[in-house]
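Chemist: Quick one: this structure, given as structure tokens, is what I'll be asking you about.
The values are calculated or read from the model by the stated rules, or taken from the named source; none is laboratory data. All figures in this text were calculated on a predicted structure; none of them were measured in a lab. Don't worry about glycine lacking a Cβ; one is built from the backbone with ideal geometry, like all the others, and counts go over all protein chains shown. Protein only, heavy atoms only, side chains kept; ligands, DNA and RNA dropped before computing areas. Shrake-Rupley method; radii C 1.70, N 1.55, O 1.52, S 1.80 Å.
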Amino acid sequence: MEYCKLQIGCMIIVLYVACIYIREKQIYQMKRKNVLFETILAAGIVGIFFDGATAYTVNHLAEIPASVNIFLHLCFLSFLDIFVFLMFLYMYDITRGLPQKRGERIGLFLPLLINIVVVIVFMPQLEYRKGTFTNYSMGMSAYTCFAMVALYVLAASGIFLHSWKNLERHKQIAISTYLLVTIGVTAYQMFFPEALLTSLVPAVVIVGIYLNQETPLYAKLQKNNEEMVMGFATLVENRDDNTGGHIRRTTAYVKLLAEELRSRGFYKEQLTNDYVANLVMAAPMHDVGKIAIPDAILQKPGKLTDEEFEIMKTHAQKGGKIIRETFGHLGNDAYEEMAYEVAAHHHEKWNGRGYPDGLKETEIPLCARIMAVADVFDAVSAKRCYRDAMPLDQCFHIIGEGRGRDYDPVLVDVFIEIEDKIRKVYEESKAE
């Protein structure tokens, strides 16, 4: 036991996290499975077990059959690689989102597959060396394993740094911490192989991911915030002689468009998972400023006068102010900023002739450009107190006419190309 005390301690910590995670999922009735995190959790537990087993057997070579020792080392090195690969995959997913193209997916998995083959082929040549305090194993299998760990850790670090500004603050801190620990432990283990510190990596990574990203309590709080936001937005929209349909549809259109843009590689630096999630939660707040517009103007059945229209236009600026004054307590600075941008700038135009600030092209925040397309499409496709709904073909034509004038050309092209998905959302909304 003296040779695997660290592994036992790490195992206790990870098993405790697993038990708390399972228990909290039951308490908060979280039915959705997070397959990637749960796979990381399982791989970490198995990897720490084999780490401890090999730490014991390598110091009891006379007592343990050679075949058993080789098998345990094969499992340990393989699961170490698998764990670090899953950590890299998780990093990729929470920043860019996992690639949809088969070739890109194969490219992510290929180094892992090659490494495991090399580990298996050279396993019989594994050497057992005597250190000052403990024995340890070396050889081509071990060298290849640590080289692959270094490769995926560096790749994960590159992705993280590239996506830094689009991640939430607490994720920046958490990911920085367990990446630095992983890099530090890997480097130390390579130069001082008898240290046997490998089990620290899965323990720190799993605790970090759980506490900062995957705890069911955090997910529950996020859901409560989303329900509060949606309820507040619906309350505001009801003043406009509506029943929440505009909010639900525009939010659905925004989500479809953002996800499609990301899957096609457009604005991939900005469209991280966090960015899309915040955008979907910010979309319902785009017209929150209308709460400050008089009913006589908001519900007028006819065309607004020039003076009334100027008053109506102030809802964008007022919406941004309401966001600043009301939603800072949520503790999510990235969401607050995006909700502000969506509310204040969703009426800006690509050619600079929008309001309230006359921003043009990429001066307009991406989230507001996406919101503008969804908002106008729903505005013309839905019945209002002053006119009937337009046919969908005409609505798509209006969006197309605004390409490069009112809207970002890339967004218009993608929006029109996913017409079938947009129509499906529209039809489902009508059926409710």
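Chemist: Mind telling me which of Met138, Met11, Met91 comes out most flexible in a GNM of the chain, alpha-carbon contacts under 10 Å?
Modeler: Met138
Chemist: Can you tell me the orientation of helix 169-191 relative to the chain, as the angle in degrees between its alpha-carbon axis and the longest Cα principal axis, to the nearest 10?
Modeler: 20
Chemist: Also, quick follow-up: Summarise the accessible area of the chain (1.4 Å probe, protein heavy atoms) by the percent that is carbon and sulfur.
Modeler: Numbers: 12570 of 21020 Å².
On the chain, the fraction of accessible area on carbon and sulfur atoms equals 60 percent.
Chemist: Express the relative contact order of the chain as a whole percentage, based on alpha carbon pairs under 8 Å and six or more residues apart in sequence.
Modeler: Relative contact order here is 13 percent.
Chemist: From the residues Ala53, Thr39, Phe85, which one has its Cα farthest along the dipole of the stretch 1-86 in the positive direction, the dipole being from +1 and -1 charges on Cβ of Lys/Arg and Asp/Glu about the Cα centre?
Modeler: Thr39
Chemist: How much accessible area per residue does the chain have, in Å², with a 1.4 Å probe?
Modeler: Each residue of the chain exposes 49 Å² on average to a 1.4 Å probe.
Chemist: Compute the helix-to-body angle for 306-326: its Cα long axis versus the longest principal axis of the chain, expressed 0 to 90° and rounded to tens.
Modeler: 30
Chemist: With +1 on the Cβ of every Lys and Arg and -1 on the Cβ of every Asp and Glu, and nothing else charged, how large is the dipole of the stretch 33-141 about its Cα centre, in debye rounded to the nearest 20?
Modeler: 300
Chemist: Net charge near Gly400: determine it from the other residues with C-beta under 12 Å of the C-beta of Gly400, scoring Lys and Arg +1 and Asp and Glu -1.
Modeler: Result for the local shell: -4.
Chemist: Now for a separate question. Using amide H atoms built 1.01 Å from N in the peptide plane, name the residues 5+ places from Leu98, or on other chains, whose amide H lies under 5 Å from its own.
Modeler: For Leu98, whose amide H was placed from the backbone, there are no distant partners under 5 Å.
Chemist: Continuing with the same structure: Given springs between every Cα pair under 10 Å in a Gaussian network model of the chain, which of Asn34, Asn59, Asn135 has the largest fluctuation?
Modeler: Comparing Asn34, Asn59, Asn135 in the GNM, the peak value goes to Asn34.
Chemist: Compute the signed sum of charges (Lys and Arg +1, Asp and Glu -1) over the other residues within less than 11 Å, Cβ to Cβ, of Leu304.
Modeler: Charge balance in the 11 Å sphere: -1.
Chemist: Can you check what the net charge comes to around Asn351, using other residues whose Cβ is under 15 Å from the Cβ of Asn351 (Lys, Arg +1; Asp, Glu -1)?
Modeler: -1
Chemist: Also, I was wondering about something else. What do you get for GluC sites (Glu not before Pro) in the stretch 248-329 restricted to DSSP loop and a cutoff of at most 15 other Cβ within 10 Å of the site's Cβ?
Modeler: Loop-located and lightly packed - Glu269.
Chemist: For the stretch 36-107, which trypsin sites (Lys or Arg not before Pro) pass both filters: DSSP loop (anything but H, G, I, E, B) and at most 12 other C-beta atoms within 10 Å?
Modeler: Lys101
Chemist: Find which of Thr250, Ala292, Ala195 sits farthest along the positive direction of the dipole of the chain, computed with +1 on the beta-carbon of Lys and Arg, -1 on that of Asp and Glu, about the Cα centre.
Modeler: Ala195
Chemist: Determine, from the Cβ-Cβ distance of Glu38 and Lys430 and an R0 of 51 Å, the FRET efficiency 1/(1 + (r/R0)^6), rounded to the nearest 0.05.
Modeler: 0.85
Chemist: For the stretch 389-404, what does the Karplus curve 6.51 cos²θ - 1.76 cosθ + 1.60, with θ = phi - 60°, yield as ³J(HN,Hα) per residue in whole Hz, taken in order and with x for Gly and Pro?
Modeler: 5, 8, x, 4, 4, 5, 5, 5, 5, 5, 5, x, 5, x, 4, x
Chemist: In a GNM of the chain with a 10 Å cut-off on Cα contacts, which of Asp413, Asp357, Asp306 has the highest mean-square fluctuation?
Modeler: Asp306
Chemist: Dipole size in debye (nearest 20) for the stretch 310-432 around its Cα centre, Lys and Arg Cβ +1, Asp and Glu Cβ -1?
Modeler: Magnitude of the dipole: close to 440 debye.
Chemist: What is the dipole size for the chain, taken about its Cα centre, with +1 at each Lys and Arg Cβ and -1 at each Asp and Glu Cβ, in debye to the nearest 20?
Modeler: 540
Chemist: Calculate, for Val117 and Ala292, the FRET efficiency according to 1/(1 + (r/R0)^6) with r their C-beta to C-beta distance and R0 51 Å; round to the nearest 0.05.
Modeler: Values: r = 65 Å, r/R0 = 1.28.
Step by step, r from the Cβ atoms, then E = 0.20.
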